[in-house]
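These notes are about the structure you will find just below.
Each value in this text was obtained by applying a stated rule to the coordinates, not by laboratory testing. In this text the structure is predicted, and so the values were computed from the model without any measurement. No Cβ is skipped: glycine too gets one built from the backbone with ideal geometry, and neighbour counts run over all protein chains shown.
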Amino acid sequence: MNGQWRITGDPSRRGFSLLEVSLVAALMSLLMLMLASTWASFGRSLRDTMVRCRVAQEANLVVAALNRDLGGQLPDDLLGHVAAGRMVGTMVVDGEKLMICYDGAVPNDVADWATPDIVCTYELADGKLLRSNQFLGTSVIVSDAVSSFLPTEVASGLRVEFTVSYRDLSKTFTLIAEEP
């Protein structure tokens, strides 16, 4: 033997046995299942984060629009220059439509709800929250993911509860505004 190891076997048998191939196939399948579940977990949390961010973004759009209009003074344009109109009243119609009245060209500190006053309206139509300016005749989509919009008049001012829904996530927000 001279200190050498020699493996002897059948010279006609080359390759792997069926048992060895089956064992390797089973281990590879197990490894593939573990990798697939890991990648699915990464993808699921990424999708959930995207949905949550979209809901938060839509809620921020609604709050920003309401904040601007309920701030006591009507902004003249998108840059926020102050117009002549001062907020003189809010009214909830049928529990789902919010109307905000601003003094027009002839200030009288009374909500007339007609010309020359400027009336802005928030209402839900086909899952979209619309802001309409009746004086200018314009209508703008504030958010396209609002599933419910419920303004309520309370003793100190106004309470607006709205629900933002995107894919399988719905979140309800409440905004409380006091009369300026």
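Structure values in brief
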read-out: Gained length - SER165 relative to LYS128, 0.36 nm times residue gap less alpha-carbon distance; value: 12.2 nm
read-out: Estimated distance in nm for a label pair at ALA56 and THR38, the labels positioned 7 Å out from Cα along Cα-to-Cβ; value: 2.8 nm
read-out: Residue (of TYR166, ALA177, GLN134) at the positive-pole extreme of the chain, dipole from beta-carbon charges; value: TYR166
read-out: Order of MET32, MET87 under a 10 Å beta carbon neighbour criterion, fewest first; value: MET32, MET87
read-out: Nearest-ten-degree value, helix 18-69 long axis tilted from longest Cα axis of the chain; value: 10 degrees
read-out: Amide hydrogen neighbours beyond the local backbone of SER148, cut-off 5 Å, H modeled; value: THR163
read-out: Cα lying deepest toward the dipole's positive end in the stretch 54-178, options ALA111, ALA65, LEU98, charges on Cβ; value: ALA65
read-out: For ARG47, ARG131, ARG14, order by how many other beta-carbon atoms lie within 10 Å, fewest first; value: ARG14, ARG47, ARG131
read-out: Separation in nanometres of the label points that stand 7 Å from Cα toward Cβ, at ASP48 and ASP94; value: 3.9 nm
read-out: log₁₀ of I(q)/I(0) at q = 0.19, 0.22 Å⁻¹ - the stretch 54-178, Debye sum with one point per alpha carbon; value: -1.04, -1.34
read-out: Relative contact order (%) - criterion: Cα under 8 Å, at least six apart; region: the chain; value: 15 percent
read-out: Lys, Arg +1 and Asp, Glu -1 on Cβ, resulting dipole of the chain about Cα centre, debye, nearest 20; value: 1680 debye
read-out: Packing-based ranking, highest mean first, of 157-166, 107-116, 15-24, 139-148 given that Cβ atoms within 10 Å are counted; value: 157-166, 139-148, 107-116, 15-24
